[in-house]
Amino acid sequence: MEQVPNIYGSTSVAAPRSTTTEMVVSRQAQEVQAAMVIAKRFPRNEVESYNRIMKACQRKSLAERSMYEYPRGDTRVTGPSIRLAEAMAQNWGNIDFGIIELEQKSGESQVMAYAWDLETNTRQTKVFSVPHIRATKKGGNVPLKDPRDIYEMVANQGARRLRACILGVIPGDVIDAAISQCERTLAGDGREPLADTVRAVANTFETEYGVTVPMLEKFIGCKIESFTMQNLIRLKKVYVSLKDGMAKRDDYFEMMPVTDDAEINNPFPEDKNGKQTGKKEKKAATAEPEPEPQEPDPSFIPPEGDPDLPFN
């Protein structure tokens, strides 16, 4: 019996999925359904969730890493960090969030970051590609070959999108209250003198990143003796960005030339004979020579009886 050809496309049949693939898909679907059912049966208490977030923001270790800051042109961008976003999602409750690497080929990875409020069925999803390269200012783009470098690059780029997804499903007033609580935690209870805290921060910047006190003063815009707690909070945000690799030292601080203390204390250095050289020698070198005295003409004889001549 002759078979009639299919005029609507190819007659090839799609390859069936393996048993393992079917099990994974079915398991994930069941986990999502179970999570949604539990979220409906045990809804969050917003008052308790809010109090848990405020209590978490009272921890100094979290407050110090709660904000990020990086320069963009003439302005500086700041906002809640991924650590604060994760703490809010954990304490707000009934939120599923994470990063999934969908595919990796041709020198890049396809990644998805998501945050899903299972109780209200509100979902934020961001799918993006991460090239396996590291951009540098001096050497251009450097391709990544080490699997660890690739993993760290994907995790770093994914954390930024995950932060945006989490902040998209949590109410904005809760986020603002958490930021305010973190700033109050950083301000402390005033037991340690502010001057001691300023010296400790300056010492940390100079030891770990080579940032001197004049560089800090130029960044803040005033002398170090006039630093306030808000200035210290700003410096702590910069420190977190530098430590997490979000920015570099040159993005915040302008490198200043190193001056020699001997030149400042003694502007007129001594020569080999122990004499100072400087303005006096320069003045003596530039002074005009005095005219030599001229001898009188022996042929000149003054007239006798002139009353205007001296000693007459």
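The values are calculated or read from the model by the stated rules, or taken from the named source; none is laboratory data. If you're wondering where the values come from, they're calculated on a predicted model, not measured in any experiment. A quick note on method: Cβ atoms are made from the backbone with ideal geometry, for glycine too, and the neighbour counts reach across all protein chains shown.
Tabulated data for the structure shown
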| quantity | calculated |
| --- | --- |
| Counted residues, segment 18-46 - those being polar (S, T, N, Q) and outside any helix (DSSP H, G or I) | 2 |
| Selection count, segment 97-118, where residues are surrounded by fewer than 17 Cβ atoms within 10 Å (Cβ to Cβ) and not aliphatic (A, V, I, L, M) | 9 |
| Test: I264 is assigned to a helix (DSSP H, G or I), at pLDDT below 75 and either of a type in the set (V, I, T) or loosely packed, with under 12 Cβ neighbours inside 10 Å (or both) | yes |
| Subset of segment 120-131 [crowded, with 17+ Cβ neighbours inside 10 Å and not aliphatic (A, V, I, L, M)] | Q124, K126 |
| Residue list for segment 71-96, restricted to those being loosely packed, with under 15 Cβ neighbours inside 10 Å and of a type in the set (A, V, I, L, M, F, W, C) | V77 |
| Yes/no for L232 being within 16 Å of the chain's Cα centre (by Cα), within 18 Å of E254 (Cα to Cα) and part of a helix (DSSP H, G or I) | no |
| Answer residue from segment 63-106, given it is free of Cβ contacts under 8 Å to residues at least 12 places away in the same chain and among the hydroxyl-bearing types (S, T, Y) and is farthest from K145 (Cα to Cα) among those | T75 |
| Any pair with Cβ under 7 angstrom, 6 or more apart, that starts in segment 224-238 at a residue that is free of Cβ contacts under 8 Å to residues at least 40 places away in the same chain and farther than 23 Å from Q181 by Cβ and ends at one that is of a type outside the set (V, I, T) and assigned to a helix (DSSP H, G or I) | I224/A202; I224/L216; I224/E217 |
| Flag for V142 being within 28 Å of Y239 (Cβ to Cβ) and in contact with a Ser or Thr (Cβ under 7 Å, 6 or more places away or on another chain) | yes |
| Residue within segment 127-141 that is within 29 Å of M36 (Cβ to Cβ) and touching a residue at least 40 places away in the same chain (Cβ under 8 Å) present | no |
| Selected residue (criterion: farthest from V240 (Cα to Cα)) from residues of segment 37-70 that are of a type in the set (D, E, K, R) and surrounded by fewer than 16 Cβ atoms within 10 Å (Cβ to Cβ) | R41 |
| Selection count where residues are free of Cβ contacts under 8 Å to residues at least 40 places away in the same chain and under 22 Å from Y114 (Cα atoms), scope segment 162-194 | 4 |
